[in-house]
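The values are calculated or read from the model by the stated rules, or taken from the named source; none is laboratory data. What you are looking at is a predicted structure, and each value in this text was computed from that prediction instead of being measured. Don't worry about glycine lacking a Cβ; one is built from the backbone with ideal geometry, like all the others, and counts go over all protein chains shown.
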Amino acid sequence: MTLRDYAIRYGFIVLLFGLVAYFAIAADGFVSPQSAVFIFQSVAITGVLALGVTATLVVGGFDLSIGSVATSAMMASAYVMVVLEQNAFVAVIVCLLIGAIVGLINGWLIVYMRVPDLLATLGMMFLLVGLQRIPTEGRSIATGMTMPDGSVANGKFSDAFLALGRHRFDFFIPNLIPVSVVVLLVLALLIWFFLEYTRFGRMMYAVGSNERAAELAGAPVKAYKIWAYIISGVFASIGGILLAARLGRGDIASGNNLLLDAVAAALIGYAVLGAAKPNAFGTAVGALFVGILLQGLTMMNAPYYTQDFVKGVVLVVALVFTFALSGRGRR
Amino acid sequence: MVGNAVFRVEGLRKSFGRNEVLGGISLELHSGEVTVLMGANGAGKSTLVKIISGVYERGGGAMTLAGQDFAPNTPAEAIRAGVVTVHQNINDGVVADLDVATNLTLDRLSGRGAPTIFNPARVRREAKAVADRMGLAIDLKARVSDLSLADRQMVAIARALAHQPKVLILDEPTSSLSSAEADRLFALVDRLRGQGVAILYISHRMSDIRRLADRIVSMRDGIVSGVFDSKPLDYEGAVNAMLGRKIHLDRIVARSSAKAVLTVEGLRIAQGARPISMTLGDGEVVAITGLVGVGKTALAETLFGVRKPFAGTMTMDGKPYAPRSAGDAIAAGVFLVAKDRATSGIVGGFNIERNISLPFLKRMSGLNVIKRRLERATARRQIEELGVVCRSEKDEMSALSGGNQQKVMVARWMAQDARLFVLDEPFQGVDISARRDIAAKLRASANGRATLLFVTEIDEALETADRILVMSEHTIVGEHRNADVDMDRLLAEVAGGPLHSAA
C-alpha cells in the first residue's frame, strides 16, 4: 500500500482520534463518562435517521423525507396519546406504521412512477411538513391544549413512552446510559449485520452498483429498492419516537436540522476506512464524529451559530476524501 | 468514377496505447453515391468515423476533401469544411427541450458572428429554408421531445444538412427505427444522393444495404478487407470479408446429442417475425450466428425470462418452461452470460469473489446469512477452473483485463450446474488466448447441460460449436452441423438473400 492508500483508508479515523486528543487537552472535563454519554445522546436521533438513509444510499437512491417523517412521527405520537388518549404501545405502533407507509409510497413513486429519487422524497418532505400541522391547525400538541373545536385535550404522554427518552440504564455508574443510545447501538448493529452479512444486504449493494447486472443475476430489483425506502421510513419514525419521548410534547418547531445532520453523517461515512460506499459502520462513525466535534466546540465556548458551518466543512472534507482521493467517483 | 472522389482517406492509422485500432485505412467517397461501410463490433468503424468527424486526432495517414488537405481538430471544424456526421445515438443530434426550428438553426446561435439577441422570427425563417430544401414535413414549432424517434432523426439529419455538406456520414441510422420509418429515411437518402452529396452509410442491416448501397466497403480488425463496387453488388462477399474466414488450427470434432434438454416451438420474438423452432441436446454446444440486430439478444433474453415472447412454447426436460423473470430462469437451471459485460454483467463495486457469488447467494446462505467461507472457496475454485489471471479473489474487477473480466463472468455462471447455459457474445472484447480458454472450457464441461452461444463472428461459431444455427430477421433460417460446413450457403443465409441455386 502506498502512502496515499493509507491516507484514504485511515485518514478519517486518524482525524477522529486527533480531534478527541485535542479536545481532551484543550477542553476541561471532555474526557469523562458523562461527557461521552452526552455525545452519544446528542447523536442518537440523527444517528438512527442516518442509518436509515444509508439503506437508500446503498441501492443508489436517496431519501430527503427522513427529517419530516421523524417530525410527523413525533406529532402523531403526541396526537395519539394527548388527543386520542391512547397508551404508549399504540403510539409506537402508529409511528412505525407511518414510517413504513411513507417509505412504501416513496418506493412506489420512485420505482413505478419513475419519479427521480431526490424529487420524489423532496415532494414527500413538503407533503409531510404540511400534513402534520393539519389535525391541530398548526399548533403544537401538549396536555391541556385547546383543540380547534374548543374542547380541551386531556390525555398525556404516558410514563412508559417518556421513559424511552428519559430513562437511563446503570452502567458502572448509576443512571448513565440513556435508552436512545441503546436504541442507536442496537439499530446500528442490526443494519450493519443486515448489509454486510445477509444475502439481502449484498443484493442491495449490487442493485446500487449495477442495477441491470443485479436484475440479470435474478434479483427482484424493484422490491429491493422499495424495501430500502421502507427501512429508511421506519428508522426515521423510530428517530421521531425518541424525539417525542425526549421533548414530552409534539413541538412543531423542533427537528428542523435532523435531515441535514443525518445526511451529513451518512455521507461522511463514505470516507471511513476508505469504503467509498455507503456503509453502516461508517455512518455510525460519521454521526459520532459530528457529535464529538460539536460537543468539543461547545465545551470550548464556541458560539452555537458556528456549528452548521463546522458541520459543512467536515462534510466537504469527507466528500473530498471519498471522491477525489480514492478516484471511485470517476467510473 | 475512379479519380473523381470528393473525399479520400489514405493510410489512416490510430492506436490507443499499444492497442492499434486502425491499421492503415484507405477509403474513397464519390459525389452522388452511397458507400456502405460494414464491419463487426470492434472492427474500428466508429474510430474511423470519429477521426473523420474531428473527434479524435489521427495517428497517421492523410485525408483530402475535394483535393484539399483535410485535418479537422474539432467537430466544428469538420462541419465547417463540409463533412457532417449524424451519430448513432439520435438524441446526441438534437436538443429535446427546444422546438424544431431552433434545433435546425442551433449551430448558428453560437460561435463568432452570431447575434447576441435571439430573434425567433429570423430563426423560423432560416429553419423554414432548411426544411424546405430537404422536403421535411414537420411542424417547426413542435418540441423535439414530442416527436417520434424517426422525426427526431430527420431533424438531426436536417440540422446536419443545414451546413450544405459535401460529405454526409450516417452512423447506423436505422438501428432504432421501424421499417416504415426507415423507408422515409431511405427516401431522404435518395434525394440527397440526387443532390450530389457523397454519403458514407454505416450499417449492419442487410435490408438497408441492399436498398441503398452503390458501393460496399468491408472492414475487419482495423483494415479494409474488401471493396465491392461492380454491379450487381456481391453482398455475400461483403459479409464474408467483414466476418472473415481464417484457416482454423483447432478443428473441433462435432458431437451430436440424442437427449433433448430444451425444445422450442413456434416461438415468435418480434412482431411479425416468423416463428422459431429448435431443440438443444444434452452435451451439445450450439452456436447461433447472424448479423447485429437480427434478434440474437432478444432470443437469449426470451430464453432467460427477461423478455416475453409474442407466441410459442418452450419445454425443458419434458416439462413446460415459461420463465417470467431472471430469477425463474435461474431456479430452472437456465443461466445467461449477458452481452456487454460492463453494463449487464459486472458489479463494479464488488470484487471478483462477490461478482462470482452474485446469482447464487441464496444457495450459498444459511438463514439468509452468506456463508463467507463457502463463497471464498467457490471463488477460488472458479478462478482456478477458468484460469483467471489475478492476485487473489479479492481483486477489484477494474484491475483485470477484458479477457479476464469475461472469464470471471463465465466463472460466475459455471459456479453451479446449469441445465441450459446461454452465452450472448461471450467473446466480445476478449483477446485470443482468453477466447480459446473460454471455448475450451465450455466444450470440456458440456456434458450434463445444453450450451447455446450467440456470436456475430462466424469464426467463433466454427471454433466452438457442434452445430451452427443462422439467424436473420428475428428467426432461424439455417442449420449446419459443424463438419464440412457449406460456407457459401451459410454466408448466403447470414446475408439474408435468396439462395443461389448453383450453391
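Structure summary
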quantity	calculated
Residue B:232 in contact (Cβ under 8 Å) with a residue 40 or more places away in the chain and assigned to a loop (DSSP other than H, G, I, E, B)	no
The listed residue being over 27 Å from residue A:202 (Cα atoms) and touching a strand residue (DSSP E or B) at 6+ places or on another chain (Cβ under 8 Å), out of A:14, A:20, A:37, A:31	A:37
Unmet requirement for residue A:82, which otherwise passes all of (1) within 30 Å of residue A:208 (Cβ to Cβ); (2) out of contact with any Pro (no Cβ under 8 Å at 6 or more places or on another chain); (3) at pLDDT below 95	(1)
Strands (runs of 3 or more DSSP E) enclosed by segment B:402-503 - at least 1 residues per element that are free of Cβ contacts under 8 Å to residues at least 60 places away in the same chain and hydrophobic (A, V, I, L, M, F, W, C)	B:475-481
Verdict on residue A:202 being away from chain B (no Cβ under 14 Å) and of a type in the set (D, E, K, R)	no
Test set (1) under 14 Å from the mean Cα position of the chain (by Cα); (2) in the same structural domain as residue A:51 (by TED's automatic domain parsing); (3) not small (Gly, Ala, Ser) - residue A:169 fails condition number	(1)
Residue list for segment A:220-246, restricted to those being within 14 Å of chain B (Cβ to nearest Cβ) and either under 30 Å from residue A:92 (Cβ atoms) or part of a loop (DSSP other than H, G, I, E, B) (or both)	A:220, A:222, A:223, A:224, A:227
The listed residue being closer than 13 Å to residue A:11 by Cα and in a helix (DSSP H, G or I), out of A:284, A:271, A:324, A:276	A:271
Selection status of residue A:157, more than 13 Å from chain B (Cβ to nearest Cβ), of a type in the set (Phe, Trp, Tyr) and touching a residue at least 40 places away in the same chain (Cβ under 8 Å)	yes
Unique match (being exposed (fewer than 14 other Cβ atoms within 10 Å of the Cβ) and under 20 Å from residue B:149 (Cβ atoms)) among B:121, B:96	B:96
Options B:252, B:288: the member that is more than 14 Å from every other protein chain (Cβ to nearest Cβ), out of contact with any strand residue (DSSP E or B) (no Cβ under 8 Å at 6 or more places or on another chain), surrounded by 16 or more Cβ atoms within 10 Å (Cβ to Cβ) and among the β-branched types (Val, Ile, Thr)	B:252
Filter pass, residue B:389 being among the β-branched types (Val, Ile, Thr), within 27 Å of the chain's Cα centre (by Cα) and away from every other protein chain (no Cβ under 13 Å)	no
From the options A:262, A:284, A:266, residue that is on the phi < 0 side of the Ramachandran plot, surrounded by 24 or more Cβ atoms within 10 Å (Cβ to Cβ) and in the same structural domain as residue A:11 (by TED's automatic domain parsing)	A:284
Residue list for segment B:325-361, restricted to those being in a helix (DSSP H, G or I), under 24 Å from residue B:315 (Cβ atoms) and within 7 Å of another protein chain (Cβ to nearest Cβ)	B:326, B:327, B:330, B:359
Residue, nearest to the other protein chains (Cβ to nearest Cβ), within segment B:297-324, restricted to residues that are part of a strand (DSSP E or B) and small (Gly, Ala, Ser)	B:312
Residue match in segment A:80-102 (condition: of a type in the set (Asp, Glu) and either in contact with a Phe, Trp or Tyr (Cβ under 7 Å, 6 or more places away or on another chain) or part of a helix (DSSP H, G or I) (or both))	no
Residue among A:90, A:94, A:129, A:102 that is among the aliphatic types (A, V, I, L, M), in the same structural domain as residue A:159 (by TED's automatic domain parsing) and more than 21 Å from the chain's Cα centre (by Cα)	A:90
Residue tally, condition more than 9 Å from chain A (Cβ to nearest Cβ) and over 32 Å from the mean Cα position of the chain (by Cα), over segment B:368-383	9
Residues located in segment A:205-219, provided they are surrounded by fewer than 22 Cβ atoms within 10 Å (Cβ to Cβ) and either touching a Lys or Arg at 6+ places or on another chain (Cβ under 6 Å) or more than 7 Å from chain B (Cβ to nearest Cβ) (or both)	A:211
Test for residue A:138: is it surrounded by fewer than 21 Cβ atoms within 10 Å (Cβ to Cβ) and touching a residue at least 40 places away in the same chain (Cβ under 8 Å)	yes
Candidates A:165, A:130, filtered to the one that is touching a residue at least 40 places away in the same chain (Cβ under 8 Å) and away from chain B (no Cβ under 14 Å)	A:165
Residue count, segment B:348-376 (criterion: of a type in the set (Val, Ile, Thr) and crowded, with 24+ Cβ neighbours inside 10 Å)	2
Any chance residue B:196 is under 29 Å from residue B:54 (Cβ atoms), assigned to a loop (DSSP other than H, G, I, E, B) and at pLDDT 80 or above	yes
Single residue of segment B:168-190 satisfying the filter (surrounded by fewer than 15 Cβ atoms within 10 Å (Cβ to Cβ) and among the acidic types (Asp, Glu)) that is modelled with the highest pLDDT	B:190
Criterion: out of contact with any helix residue (DSSP H, G or I) (no Cβ under 6 Å at 6 or more places or on another chain), outside the structural domain of residue B:22 (by TED's automatic domain parsing) and free of Cβ contacts under 8 Å to residues at least 12 places away in the same chain - qualifying residue of B:295, B:281, B:272	B:272
Flag for residue B:157 being closer than 13 Å to residue B:100 by Cα, crowded, with 18+ Cβ neighbours inside 10 Å, touching a residue at least 40 places away in the same chain (Cβ under 8 Å) and assigned by TED's automatic domain parsing to the domain that holds residue B:35	yes
Test: residue in segment B:51-64 that is of a type in the set (Lys, Arg) and modelled with pLDDT under 85	no
